[in-house]
Amino acid sequence: MPKTMQEALLHHRGNYLVRRLHLPPGEATRWHRDPFHRVTIILSGDIVDVEYRDGSKIERFEVTAGEAHGQEPTDRAHRAVNPGEQVYEEITIFFLDRPDAVPQPDA
């Protein structure tokens with residue numbers, strides 16, 4: 001299994017993009033924004049933190065494989081961090097506004 005954060009494009013057709021995220025313990029995603037609606041399905045993991053670039057309080061989420069969550073767009077710069085003991089993996093379906101849109105632009 002990879003020991004660093006990895007994102008894999010699984011499918012992209014028109015305004016729909018499907019991505020798999022692999023986040024080992026202690027790793028973080030890059031700082032980004034989420035300008036589009038999306039649905040995330042948890043594949044593995046126990047805890048994931050969301051850190052905000054503006055220094056706001058960290059949000060901690062206990063997760064279980066098989067959970068699915070719909071998420072609203074946000075321009076707030078943030079990143080996910082895996083403070084847990086298990087690899088965190090998710091599949092996310094992004095509902096883009098145009099086929100060439102970037103689903104999670106850098107922040």
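Structure values in brief
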| quantity | calculated |
| --- | --- |
| Environment charge of Val87, counting only residues whose C-beta is closer than 13 Å and scoring Lys/Arg +1, Asp/Glu -1 | -3 |
| Counted charge near Asp106, where neighbours are those whose Cβ lies closer than 10 Å (Asp, Glu -1; Lys, Arg +1) | +2 |
| Of Ile41, Ala68, Asn15, farthest towards positive along the dipole that unit charges on Lys, Arg, Asp, Glu beta carbons give the chain | Asn15 |
| Percentage of interatomic Cα-Cα distances in the chain larger than 25 Å | 15 percent |
| Per residue value of the accessible surface for the chain (all protein chains in place, 1.4 Å probe), Å² | 59 Å² |
| Accessible carbon and sulfur surface of the chain relative to its total accessible area, %, 1.4 Å | 51 percent |
| Förster radius 22 Å - calculated FRET efficiency between Asn15 and Ala65, Cβ distance, rounded to 0.05 | 0.20 |
| Given charges at beta-carbon only (K, R positive; D, E negative), |dipole| of the chain in Debye | 300 debye |
| Efficiency of FRET between Arg30 and Phe95 - r from beta-carbon atoms, R0 25 angstrom, step 0.05 | 0.75 |
| Stretch gain in nm, segment Glu85-Ala8, where the contour uses 0.36 nm per residue and the Cα spacing is subtracted | 25.5 nm |
| Lys/Arg +1, Asp/Glu -1 at C-beta; the chain dipole; positive extreme among Ala80, Pro25, Phe95 | Phe95 |
| For Ala77, distant residues with modelled amide H under 5 Å away | Arg53 |
| Nonlocal amide H pairs with Glu90, under 5 Å, H built at 1.01 Å | Leu21, Leu43 |
| Under the Karplus curve 6.51 cos²θ - 1.76 cosθ + 1.60, θ = phi - 60°, whole-Hz ³J(HN,Hα) for region 66-75, x wherever Gly or Pro sits | x, 5, 10, 9, x, 10, 8, x, 8, 9 |
| Long-range amide H partners of Gly84 with built H, under 5 Å | Gly26, Ile47 |
| Environment charge of Glu51, counting only residues whose C-beta is closer than 9 Å and scoring Lys/Arg +1, Asp/Glu -1 | 0 |
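The values are calculated or read from the model by the stated rules, or taken from the named source; none is laboratory data. Keep in mind that what you see is a predicted model, and the values were worked out from it rather than measured. Note that we place each Cβ from the backbone using ideal geometry, even for glycine, and neighbour counts take in every protein chain shown. These area figures cover heavy atoms from the full protein model, side chains too; ligands, DNA and RNA do not enter into them. Shrake-Rupley method; radii C 1.70, N 1.55, O 1.52, S 1.80 Å.
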